[in-house]
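Here's the structure we're looking at; comments come further down.
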Amino acid sequence: MIHRLRSALLPTFAVALLLSLGACSLLPQRDPISITVVGIQPLPSQELEMRMAVKLRLLNPNDTAIHYNGVYLDLVVNGQPLASGVSDQRGIVERFSEEVVVVPVSISAFSVLRQAVGFSRTQSLDGLPYVVRGKLAGGLFGTVRFRDSGTLRLPAGMK
């Protein structure tokens, strides 16, 4: 009895697997979203943490809009975690367009201390490497993850 049941279900399972693989190929191919930090502004701080508003420019190079209903951001400077934050913002980055999103982040006193120790080794803020990672949650195609990296470049008067 079990052998007959297995024999009957095996072809059904194989057909379902082939159909699901074919459905995946129908989904549109998406280029990664481009994220750039365009500004950082101070927010009211609390006890042993600093708060900042990080402005991100989201650039959608795709032919379809990206719908999101939450943003997560993680900022690493000089190889050390510095700040992270979330926002329950909802929005749409239309096809071939850009939006600016503001995410509040927290910087703990311990993160500042770690950065100070790393800074004492480099003696300059100019040229410090940074990495921004995060995600735009939700939407039709699920979560869209992003990553940007580079080096801090200070204006000539601040070096």
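Things to note:
- Computed lengthening from ASP74 to VAL100, 0.36 nm per intervening residue step minus Cα-Cα distance: 7.7 nm
- 3J(HN,Hα) from dihedral phi, the stretch 72-86, Karplus parametrisation 6.51/-1.76/1.60, rounded to Hz, x for glycine, proline: 10, 9, 10, 10, 10, 10, 6, x, 10, x, 10, 8, 8, x, 9
- Gain in span if fully extended, ARG147 to LEU48, counting 0.36 nm per residue against the direct Cα distance: 32.8 nm
- Computed over the stretch 28-153, the P(r) curve from all C-alpha pair distances, binned at 5 Å from the origin, holds 2, 10, 19, 22, 18, 12, 8, 5, 2, 0 percent per bin.
Bear in mind that the values in this text are calculations on the coordinates, not laboratory data. No experiment lies behind these values; they were computed from the predicted model shown.
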